[in-house]
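**Q** Here it is: the structure, laid out below.
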Amino acid sequence: MVHLGVDLGGTTIKIGLVDDEGKLLRSLAIPTALPRSAQAICQDVVEAAGRLLEAEHLTWEQVGDLGAGAPGTVDPNRGVVLYATNLDWWDFPLKEELARRLPRPLPVYVQNDANVAAVGEYLAGSAKGSASVVVLTIGTGMGSGIILNRRMLGGHYCGGGEFGHMVIAQGGRLCSCGRKGCLEAYASATGLTNLTREEMERAPASLMHSIAKKQGKVSARTAFDAMKAGDAAGSRVVDLFLDYLACGIVNIINALQPELICLGGGVSKEGDTLLLPLREKVSREIYGGSHLPSTRLQICTLGNDAGMIGAALLGRMQELRD
Ligand SMILES: [Zn+2]
């Protein structure tokens, strides 16, 4: 059997064909092409899935199930997207709308995209073999997916598990959610870019200016690239960013102490440059001290495919739960 995984985004929709082990066999991307109706998007997704099967010389008879990850708050039990800003969806019955367009009856699963990424890493990526993992996706925003003792934790009303919106600086920077001082406002790619801009203003001689000019804009990469070239102001930005991120991670460890915390999203591509100093900062602050065994920090391994692979494995996650 193969499994279809759909990663719904505001700009692009990615659809992947995954085997029982979570290996991505083939994928394709279609534009979300907003503004258009959610029903039209569902129709497009099912048609694209048909083309994907054809390209692999497979039929719908060989498909075991279909999973979809959506950005926003999702009720996985009813299969409803409660709210997705990027797609402008409110109370959209995604599961039902996909299921009724399929050429044959199949189980359909839906989840929030950060939870889907966590399922991917848990069953087929960096956290394979662990029982408890928190996956932090450091992108434009900050998403988090929590699996504790082999169960997804999403809160009683499906809106919980949002570590990006945990306040780390009371009365601090304004966050996209309207609250002040959230982890996301400091330790997402957007937060890092803001920290970089501020330091650039203070340091007119910093290499960050020429790097940003060459890259066409100030981005989450600017300070890291400047630091690698020996720039002191760049190092200061990265150090401050890592302090904020470490603060959030220590809070997660102190609350849940999962076996693993895996970092994904664009900023995680920095690899050891991010991970090694972060481990050091975290170990200095965790409750109980660094001499006791505690949560390991890793980089996610599925990269941009985590959404498709995780979505395709939502059925498997459900089986493990039941
Ligand atoms: Zn927030």
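**Q** Report, in listed order, any pair from 214/269; 180/228; 180/269 with a Cα-Cα distance greater than 22 Å.
**A** Too far apart for the 22 Å limit: 180/228; 180/269.
**Q** Turning to a different aspect of this structure: Which far-off residues, 5 or more places away or on another chain, put their amide H under 5 Å from the one on residue 301, with H placed in the peptide plane?
**A** 126
**Q** Do any trypsin sites (Lys or Arg not before Pro) in segment 209-271 lie in a DSSP loop with no more than 13 other beta carbon atoms within 10 Å, and if so, which?
**A** 217
**Q** Continuing with this model, one more query. Can you give me the C-alpha center-to-center distance between segment 16-40 and segment 180-209, rounded to a whole angstrom?
**A** 34
**Q** Just to verify a number: FRET efficiency for residue 228 and residue 299, C-beta to C-beta distance, R0 = 22 Å, to 0.05?
**A** Given R0 = 22 Å and the Cβ-Cβ separation, E is 0.80.
**Q** Continuing with this model, one more query. Kirkwood hydrodynamic radius, segment 186-276, all distinct C-alpha pairs: what's the number in Å?
**A** 13.6
**Q** Over every pair of different alpha-carbon atoms in segment 42-153, take the mean of 1/r and invert it; report that Kirkwood radius in Å.
**A** Computed over Cα pairs of segment 42-153, the Kirkwood hydrodynamic radius comes out at 15.2 Å.
**Q** Follow-up. Using only the C-alpha atoms of segment 130-300, find the volume of their convex hull and express it per residue in Å³.
**A** 119
**Q** How big is D, in µm² s⁻¹, for segment 147-187 by Stokes-Einstein at 25 °C and 0.890 mPa s if Rh is the Kirkwood radius over C-alpha pairs?
**A** Stokes-Einstein gives a translational diffusion coefficient of 221 µm²/s.
**Q** OK, next. Which percent of the Cα-Cα distances in the chain go past 33 Å?
**A** Tail fraction, whole percent: 28.
**Q** Over segment 116-221, one equal point on each Cα, no solvent: what is log10 I(q)/I(0) by the Debye formula at q = 0.23 Å⁻¹?
**A** Here log10 of I(q) over I(0) equals -1.12.
**Q** Given the rule -39500 (n - 2.57) for each run of at least 4 DSSP H residues, summed and divided by the residues of the chain, what is its mean residue ellipticity at 222 nm, to the nearest 500 deg cm²/dmol?
**A** For the chain, the value works out to -11500 deg cm²/dmol.
**Q** Quick one: accessible area per residue over the chain, 1.4 Å probe, rounded to a whole number of Å²?
**A** Computed with neighbouring chains in place, this is 46 Å² per residue.
**Q** Another one. What fraction of the Cα pairs in segment 7-106, stated in percent, has a spacing above 23 angstrom?
**A** Pairs farther apart than 23 Å: 23 percent.
**Q** Based on Cβ point charges of +1 for Lys and Arg and -1 for Asp and Glu, what charge dipole magnitude is obtained for segment 96-174 about its Cα centre, in debye rounded to the nearest 20?
**A** With Lys and Arg at +1 and Asp and Glu at -1, about 200 debye.
**Q** If you plug each phi of segment 56-68 into the Karplus form 6.51 cos²θ - 1.76 cosθ + 1.60 with θ = phi - 60°, what whole-Hz ³J(HN,Hα) values come out, in order, with x for Gly and Pro?
**A** Computed from phi, the couplings for segment 56-68 are 9, 6, 10, 10, 4, 5, 8, 8, x, 6, 9, x, 9 Hz.
**Q** Another one. Whole-Hz Karplus ³J(HN,Hα) for segment 222-229, in order, using 6.51 cos²θ - 1.76 cosθ + 1.60 and θ = phi - 60°, x for Gly and Pro?
**A** Each residue's phi maps through the Karplus curve to give 3, 5, 4, 5, 5, 4, 5, 8 Hz.
**Q** To the nearest 20 debye, what charge dipole does the chain have about its Cα centre, counting +1 at the Cβ of each Lys and Arg and -1 at the Cβ of each Asp and Glu?
**A** 560
**Q** Give the longest segment of the chain that steers clear of chymotrypsin sites (Phe, Trp or Tyr not before Pro) in DSSP loops with at most 15 neighbouring Cβ atoms within 10 Å, not counting the sites themselves.
**A** It works out to 1-156.
The values are calculated or read from the model by the stated rules, or taken from the named source; none is laboratory data. Keep in mind it's a predicted model, so treat the numbers as computed, not measured. As a convention, Cβ positions derive from the backbone with ideal geometry for all residues, glycine included, and neighbour counts pool all protein chains shown. Note: areas computed on protein heavy atoms with side chains; ligands, DNA, RNA excluded. Shrake-Rupley method; radii C 1.70, N 1.55, O 1.52, S 1.80 Å.
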